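Colleague: First the structure, which I've put down as structure tokens, then a few questions once you've had a look.
The values are calculated or read from the model by the stated rules, or taken from the named source; none is laboratory data. Quantities reported herein were computed from a predicted structural model and do not represent experimental measurements. Here the Cβ is made from the backbone with ideal geometry for all residues, glycine too, and neighbour counts use every protein chain on show.
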Amino acid sequence: MKVAGRLFMGVSLFALAACNDFLDEEPQSDVSPEQYLWSEDQLKAYVDNYYADYDNYDGDSDDKGGMLPSHYGSENGSPYYDDDATDNQQGTNGRYLQDTWTVGQTGGKWNFTNIYALNYFIETVTPRYEEVSISGSAENIEQYLGEAHFLRALEYFYRLRTLGDFPIVENTLSDNMEELTEASVRKPRNEVARFILEDLDKAIELSTNSPAKTRITRNAALVLKSRVALFEATWEKYHAGTALVPNGSGWPGAEKEYGQNYQFPNDEGTAEGEINFFLDEAMDAASQVADAVELTSNNKTMPDDGSANDYYDMFASHDPSEYSEVIMYREYSLSLNATHHFNHYMYHGGNTGYTAQFEKAFLMENGLPWYDANSGYAGDDYISDTKTGRDWRWQLFMKAPGDVKATENITTPETFPTAPRVYISDSRNATSTGYIQGKGHSMDYNDQVLGQDQTAFVVYRAAEAYLNYIEASYLRYGNLNDTKLDTYWRKLRQRAGVDEDYNSTIAATDMAQEAENDWGAYSHGQIVDATLYNIRRERRCEFIGEGFRYMDLIRWRAMDQLNGYQLKGAKIFGPMEDLFVDSETGESLLKYDQADEADNNVSSPSDGDYLLPNRKTSTNEYYNGFYFFEAHYLYPIAVQHFLITSSDGASVDDSPIYQNPGWPIVSGATCE
């Protein structure tokens, strides 16, 4: 283990009663704090430890969810799966049923492990940096200190997304119960967001764009800043008036003495002023990147015959540093003993897949939606038909039957089966919808070998800055009269191979049609205007498969309307049904309405022509579809944390912590 890792294991910076990750202990290590963090190589070793966990990435992990996203190899983990269980990709999890998501007794997102490790670094290194007492290159020392501020901001952003209001703790604390309890006070979410922006401003000040793209840079900090600011602005806008925002009806912070009579820290002192502050911050940070970094080009060639297409290859190469758009990526190589399994699983389908609803989001190359009489839409009777004349993001990043799986290091290229394996259910050899996830799909067969995948993961890219600016500008001013907005949007559409005239698309948009297939057509249960919807559509399509969807849906408050919603796969009971025939027996490979429903492998045609992945058997807890509850926009806080911070250790009432709206302080209880 690295020295930095050994040091932190002894520091255990914040573990109240050794249970709450909330105690500052005397470091126990073979390298004492007094001897460590005095040279640039030691600074680098320390911050490297908090970049990512190559072995155990999980975007929903209590302790690692705030680290940089990455593929990992010990299991089949990838940020590309983070869109599962949204309207983009098939999957299930506890957020869509009331009884499967409960309050924990211990643990949860109320976790400070990495935050306090980074606090220790920042409070130790900052005075030494100011005193010029650290050996090494001044530029590198500033870089690593900037990286620590970035990584702490990233950790806090994860807590903001999952918990909302959260304590702001910038330093390690002494082993004093009164001090530790006071530090548990939850700050309103907008102030947490402001603190994150301050950390990122420090990262922007200290960092440059000189380091390799495998490290945090100034541009990475600007992109993250625009993301955080847009997230908070839109959360506060669409959740306005609810208990999920400060001073909203039923906001639990007002029940605590320290939260009463709360005033927003903007010149107007209003909720609207706070939203505008964050929108301005988002626009400023995003434009600094979008003005300086060009999008990678799309030459409109498919990779099936070995042709190079920079837009596709940017996500499917071992080293994407040459692509202009890439700001940061996670590197994998056999020489570094860092590989993963993503392509091994996706080579056969990975038992996931895009939804039929997602397919409907993509425009035609002429800029018209699929339902327009003049669109030229070829239909979805066959999966490959959906690519005809379509937005190139769908053509490139969805693998259809007959598409080539690999072109390099393979003698006879294989293709995806003519009959998509929707009837097989395992972790590798199936596709749950027929629309196979294709972003990040390497065309090098060596990457398909178990544990040998060296395909990089792009963490930050300039396209996000373009998208963040477009959305923030429209929300800030309520119109499209912004030259930067126009330029960025046209560049995105041009790269996607779609007619650049977004106004024509807006005019052709039928929101009743869009609302059937896109959760983002809604905010707080109401259909949004066609202009805003098309801005959201652009984002949905540009980020196909990249794991952004759930984060966007919660900030838009776009799941209130879910009431038995069924995710759909391909139209297997149209003409495509003739493809599903066993070559040996002549019988259909599709099993439904069986005497023993456990023998079903697809949904019944009585449920419609489209495969409904969650209706194969009535034992599936999502057989009746997805439902959503307002409390599920945030996670509950475990009971343990209330008890530890109470005066007697037994009653939760006098804890400075308050529970998130709609959740009781009872272990095992569901939301109200």
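Colleague: Identify, please: which residue in region 148-182 is part of a loop (DSSP other than H, G, I, E, B), in contact with an Asp or Glu (Cβ under 9 Å, 6 or more places away or on another chain) and touching a residue at least 40 places away in the same chain (Cβ under 8 Å) and is, among those, farthest from GLU123 (Cα to Cα)?
Modeller: Restricting to residues being part of a loop (DSSP other than H, G, I, E, B), in contact with an Asp or Glu (Cβ under 9 Å, 6 or more places away or on another chain) and touching a residue at least 40 places away in the same chain (Cβ under 8 Å), the top hit is ASP165.
Colleague: Within region 354-386, restricting attention to residues that are of a type in the set (Ser, Thr, Tyr) and free of Cβ contacts under 8 Å to residues at least 24 places away in the same chain, which residue is nearest to THR86 (Cα to Cα)? Reasoning before the result, please.
Modeller: Step one: list which residues in region 354-386 are of a type in the set (Ser, Thr, Tyr), which gives 354-355, 371, 375, 377, 382, 384, 386.
Subset that is free of Cβ contacts under 8 Å to residues at least 24 places away in the same chain: 375, 377, 384.
Details: SER375: 27, TYR377: 25, SER384: 23 Å.
Across region 354-386, the extreme among qualifying residues is SER384.
Colleague: Further, regarding this structure: From GLU232, GLU236, which residue is among the charged types (D, E, K, R), within 22 Å of SER473 (Cβ to Cβ) and free of Cβ contacts under 8 Å to residues at least 60 places away in the same chain?
Modeller: Working: GLU232 fails: free of Cβ contacts under 8 Å to residues at least 60 places away in the same chain.
Going through GLU232, GLU236 in turn, the sole match is GLU236.
Colleague: While we're looking at this one, here's another question. Can you tell me which residues in region 261-298 are at negative phi, of a type in the set (S, T, N, Q) and over 28 Å from the mean Cα position of the chain (by Cα)?
Modeller: Here is the first cut: in region 261-298, the residues at negative phi are 262-268, 270-298.
So of that shortlist, the ones also of a type in the set (S, T, N, Q) come out as 263, 266, 270, 276, 287-288, 296-298.
Across region 261-298, the qualifying residues are GLN263, ASN266, THR270.
Colleague: Another one. I want to confirm something. Restricting to region 562-576 and keeping residues that are in contact (Cβ under 8 Å) with a residue 60 or more places away in the chain, assigned to a loop (DSSP other than H, G, I, E, B) and touching a helix residue (DSSP H, G or I) at 6+ places or on another chain (Cβ under 9 Å), which single residue is farthest from LYS360 (Cα to Cα)? Before the answer, list the steps.
Modeller: Narrowing region 562-576 to residues in contact (Cβ under 8 Å) with a residue 60 or more places away in the chain: 562-572, 574-576.
From what's left, assigned to a loop (DSSP other than H, G, I, E, B): 562, 566-572, 574.
Within this subset, residues satisfying the condition of being touching a helix residue (DSSP H, G or I) at 6+ places or on another chain (Cβ under 9 Å) are 562, 566-572.
Working: LEU562: 18, GLN566: 15, LEU567: 13, LYS568: 11, GLY569: 12, ALA570: 12, LYS571: 13, ILE572: 16 Å.
Filtering region 562-576 for residues that are in contact (Cβ under 8 Å) with a residue 60 or more places away in the chain, assigned to a loop (DSSP other than H, G, I, E, B) and touching a helix residue (DSSP H, G or I) at 6+ places or on another chain (Cβ under 9 Å), the one farthest from LYS360 (Cα to Cα) comes out as LEU562.
Colleague: Kindly evaluate SER504 against the criterion of being touching an Asp or Glu at 6+ places or on another chain (Cβ under 9 Å), in a helix (DSSP H, G or I), at pLDDT 95 or above and polar (S, T, N, Q).
Modeller: Working: touching an Asp or Glu at 6+ places or on another chain (Cβ under 9 Å): no; in a helix (DSSP H, G or I): yes; at pLDDT 95 or above: yes; polar (S, T, N, Q): yes.
In short, no.
Colleague: So which residues in region 314-358 are assigned to a strand (DSSP E or B) and under 26 Å from ASN429 (Cα atoms)? Quick ask: steps written out before the conclusion?
Modeller: Of the residues in region 314-358, the ones assigned to a strand (DSSP E or B) are 326-330, 333, 338, 340, 354.
Within region 314-358, SER333, ALA338, HIS340, TYR354 qualify.
Colleague: Right, SER473: under 27 Å from GLU281 (Cβ atoms), touching a residue at least 12 places away in the same chain (Cβ under 8 Å) and assigned to a helix (DSSP H, G or I) or not?
Modeller: yes
Colleague: List every residue pair whose Cβ atoms lie under 7 Å apart, where the two residues are 6 or more positions apart in sequence or sit on different chains, the first residue falls within region 443-461 and is modelled with pLDDT of 95 or more and surrounded by fewer than 24 Cβ atoms within 10 Å (Cβ to Cβ), and the second residue, located anywhere, is part of a strand (DSSP E or B) and of a type in the set (Gly, Ala, Ser).
Modeller: Final answer for the pair search is GLN454/SER333.
Colleague: What's the total number of residues in region 152-194 that are among the hydrophobic types (A, V, I, L, M, F, W, C) and within 24 Å of the chain's Cα centre (by Cα)? Walk me through how you get there before you give the answer.
Modeller: To start, the set of residues in region 152-194 that are among the hydrophobic types (A, V, I, L, M, F, W, C) comprises 153-154, 157, 160, 163, 166, 168-169, 173, 177, 180, 183, 185, 192-193.
Within this subset, residues satisfying the condition of being within 24 Å of the chain's Cα centre (by Cα) are 153-154, 157, 160, 163, 166, 168, 192-193.
Within region 152-194, residues that are among the hydrophobic types (A, V, I, L, M, F, W, C) and within 24 Å of the chain's Cα centre (by Cα) number 9.
Colleague: For region 330-369: of the residues being surrounded by fewer than 20 Cβ atoms within 10 Å (Cβ to Cβ) and of a type in the set (Ser, Thr, Tyr), which is nearest to TYR502 (Cα to Cα)?
Modeller: Step by step, filter region 330-369, then rank; the result is SER333.
Colleague: Given GLY59, GLY66, which one is modelled with pLDDT of 90 or more and either surrounded by fewer than 20 Cβ atoms within 10 Å (Cβ to Cβ) or touching a helix residue (DSSP H, G or I) at 6+ places or on another chain (Cβ under 8 Å) (or both)?
Modeller: GLY66 is the lone residue from the list that is modelled with pLDDT of 90 or more and either surrounded by fewer than 20 Cβ atoms within 10 Å (Cβ to Cβ) or touching a helix residue (DSSP H, G or I) at 6+ places or on another chain (Cβ under 8 Å) (or both).
Colleague: Okay, moving on. Could you give me the residue pairs with C-beta distances under 7 Å whose first residue belongs to region 507-526 and is in contact (Cβ under 8 Å) with a residue 60 or more places away in the chain and assigned to a loop (DSSP other than H, G, I, E, B), whose second residue is among the hydrophobic types (A, V, I, L, M, F, W, C) and surrounded by 15 or more Cβ atoms within 10 Å (Cβ to Cβ) wherever it lies, and which are 6+ apart or on separate chains?
Modeller: THR509/ALA530; ASN517/ALA361; ASP518/ALA361
Colleague: Pairs needed: first member in region 477-503, on the phi > 0 side of the Ramachandran plot; second member anywhere, not in a helix (DSSP H, G or I); C-beta distance under 8 Å; at least 6 residues apart or different chains.
Modeller: Close Cβ pairs satisfying both conditions: GLY497/ASN298; GLY497/LYS300; GLY497/GLU365; GLY497/ASP391.
Colleague: Only residues that are part of a loop (DSSP other than H, G, I, E, B), surrounded by fewer than 17 Cβ atoms within 10 Å (Cβ to Cβ) and without any contact (Cβ under 8 Å) to a residue 40 or more places away in the chain: list them for region 241-260, please.
Modeller: Answer for region 241-260, where residues must be part of a loop (DSSP other than H, G, I, E, B), surrounded by fewer than 17 Cβ atoms within 10 Å (Cβ to Cβ) and without any contact (Cβ under 8 Å) to a residue 40 or more places away in the chain: GLY241, SER249, GLN260.
Colleague: Anything in region 577-602 that is acidic (Asp, Glu) and either assigned to a loop (DSSP other than H, G, I, E, B) or closer than 11 Å to ALA419 by Cα (or both)? List them, or say none. Spell out how you get there, then give the answer.
Modeller: Applying the first criterion (acidic (Asp, Glu)) to region 577-602 yields 577-578, 582, 584, 587, 593, 596-597, 599.
The answer is GLU577, ASP578, ASP582, GLU584, GLU587, ASP593, ASP596.
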